[in-house]
Every structure is written in structure tokens, then in C-alpha cells.
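Have a look at the structure below before the remarks.
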């Protein structure tokens, strides 16, 4: 049942939902988890087919994952919770904001789904190649993520300064990337499935903030303008010297934005 997603709860205060990206898990938020939990009750989930949550029985797509998150929040009496999403999770929280009636304030960090033309196959091809290499290299991952040089080679697409990322965070991410059963299907759906629908001006009841890394090599910064055109109610925040994961590259700035926006 999707209402039984694996999740962790930390801290006290107004609840805040965290949704990881493609191939991630709740551990993807570790660089900022404690700082957020100092101010809020943080609920970080493993989406179906990722981390320790079993996969969905049918189609795996943004639509079905949005349905699953809604079911989980309903079961946990968390409808209306503020939410933060990263990458694929950022697209997911935007979709839930578009639907209305599920989330409160939303922060979407480098969302996928706003590519056009050649950007779509570029996204698919680069991530497809990366995950296959990561699967082959699993026996060597503790060494590769523990060494700044090889960590830089592994994460150059995802971080503006991968050599400085915490080794334990990158090892967790590489383990999850290699072992999530829903990765391949969801990657295909993200690249070739339903196009993200927008929301007319004044149709989103709660604050919507989109954060984007100036040096994002997964979801290129030029896509931010398309996101704003589809979601005119959103406010855009640029992270300087930042790649695809602000919570990794500029964790303190990410925490400030999240707390101020929710």
C-alpha cells in the first residue's frame, strides 16, 4: 500500500515534507536534515520503488507517484503540509501544487520536466549512461566516493564542486541509484512520458518557490524561464555556484530559502 511509505520524522514544530529525486531516498536530505529539524518537524519519505519503500504495482510516473504521495499524506493526516522536492521530487511537488488541496507552501529545487528539443534526449542519455556505470562500479563505490578525485568524476554532472561533497552522502546516493527497482521505468517516463502541465495565474493558493542552480548540468538554467511561464504564480530563486542539488552544494542557503518560503 502506498499509504505505508518508508519515512523518518525528526524535530518538532510545523510539519515539513521532503521528497527526494530520481534514484535517491530520504538520506539524500542528510546535509540539511538536522538544520531543518531544528525549526520544523521534518517528514522525509522514500517514494515507491526507491529506498526502502516497495514499488508501485502498476505504472510508475509523475502522475502515479503524485497519487501515491496524496494517499500517504491522507493516511498520515498530513494533507496541507508544506513540502520541498528535489529534481524529480521537485517536479512532483509542483504537480501536487498544480492539483491543489494536497500541499501547503511548496519549494521546488531544480525541477525536471521543463526540457525541450535536444534537451530531452540529452537528459535521458546522460542519466541512463550514468546509472549503468554506477551499477557496474558498485564493488568499488566506498573507495570511489571516499576519494575527492574519483568523487569529482562521479558527481561532476550533479554538483558544482563535487570534490567537497560529504563522502557518506555520495556513497548513500550511489547505493540507492544502483538498487532502486523503479529507476529505469521512471527515467523513461520522465523523458518520454506526459508533459508537465502548468497552472494559470492566481490558481495556486499557497506560496510556490522554485530554486535553481546557476550551474545545473541536469536541468539547464534556461529551463527556469519555461517553468515560470507554466507556473506564473511561482517565485524564482537563483543559487549561485550551485549545481543540480542545492541541499548539497549550498546547504545553508537552501535551508534559509526553505524556512523563509514555508
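No value in this document is a laboratory result; all are computed from the given coordinates. Please read all numbers here as calculations on a predicted model, not as lab measurements. Quick reminder, even Gly has a Cβ in these numbers, built from the backbone with ideal geometry, and neighbours come from all protein chains shown.
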With the Cα gyration tensor of segment 1-151 in hand, give its eigenvalues times 5 under a square root as the equivalent ellipsoid semi-axes, listed largest first in whole angstrom.
-> 26, 20, 15
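So what's Rg/Rh here for segment 30-72, counting alpha carbon atoms and using the Kirkwood radius for Rh?
Details: Rg = 13.0 Å, Rh = 12.0 Å.
In segment 30-72, Rg relative to Rh is 1.09.
Among rounded, prolate and oblate, which fits segment 179-262 when a ≥ b ≥ c are the square roots of the eigenvalues of its C-alpha gyration tensor, a/c under 1.5 means rounded, and a/b larger than b/c means prolate?
Details: a/c = 1.69, a/b = 1.10, b/c = 1.54.
Note, shape of segment 179-262 comes out oblate.
Could you tell me the calculated FRET efficiency between residue 6 and residue 39, based on Cβ-Cβ distance and R0 = 22 angstrom, to the nearest 0.05?
0.40
Can you give the % of DSSP beta bridges in the chain that are antiparallel, to the nearest 5? Write out the running numbers ahead of the final one.
Details: 4 of 27 bridges.
Just about 15 percent of them are antiparallel.
Based only on Cα atoms, what Rg/Rh ratio does segment 64-107 have, Rh being taken as Kirkwood's radius?
Working: Rg = 9.2 Å, Rh = 10.1 Å.
On the Cα set of segment 64-107, Rg over Rh gives 0.92.
Can you put 72, 50, 220 in order of Cβ neighbours within 10 angstrom, beginning with the fewest?
Values: 72 22, 50 31, 220 16.
So the residues, fewest neighbours to most, are 220, 72, 50.
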Taking a label point 7 Å from the Cα of residue 124 along the Cα→Cβ vector, which residues of segment 232-262 have an amide N closer than 17 Å to it?
-> none
With eigenvalues of the C-alpha gyration tensor scaled by 5 and rooted, the chain, Å | 25, 20, 19
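In terms of the Cα gyration tensor, with a ≥ b ≥ c the square roots of its eigenvalues, is segment 85-176 rounded because a/c is under 1.5, prolate because a/b exceeds b/c, or oblate?
Working: a/c = 2.48, a/b = 1.73, b/c = 1.43.
It comes out prolate by the Cα gyration axes.
Can you check how the C-alpha radius of gyration of segment 128-238 compares to 2.2 N^0.38 Å, as a plain ratio? Could you put the intermediate results ahead of the total?
Working: Rg = 17.2 Å, N = 111, 2.2 N^0.38 = 13.2 Å.
Output field value: 1.31.
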Give the order of 172, 110 when sorted by the count of other beta carbons within 10 angstrom, beginning with the fewest.
-> 172, 110
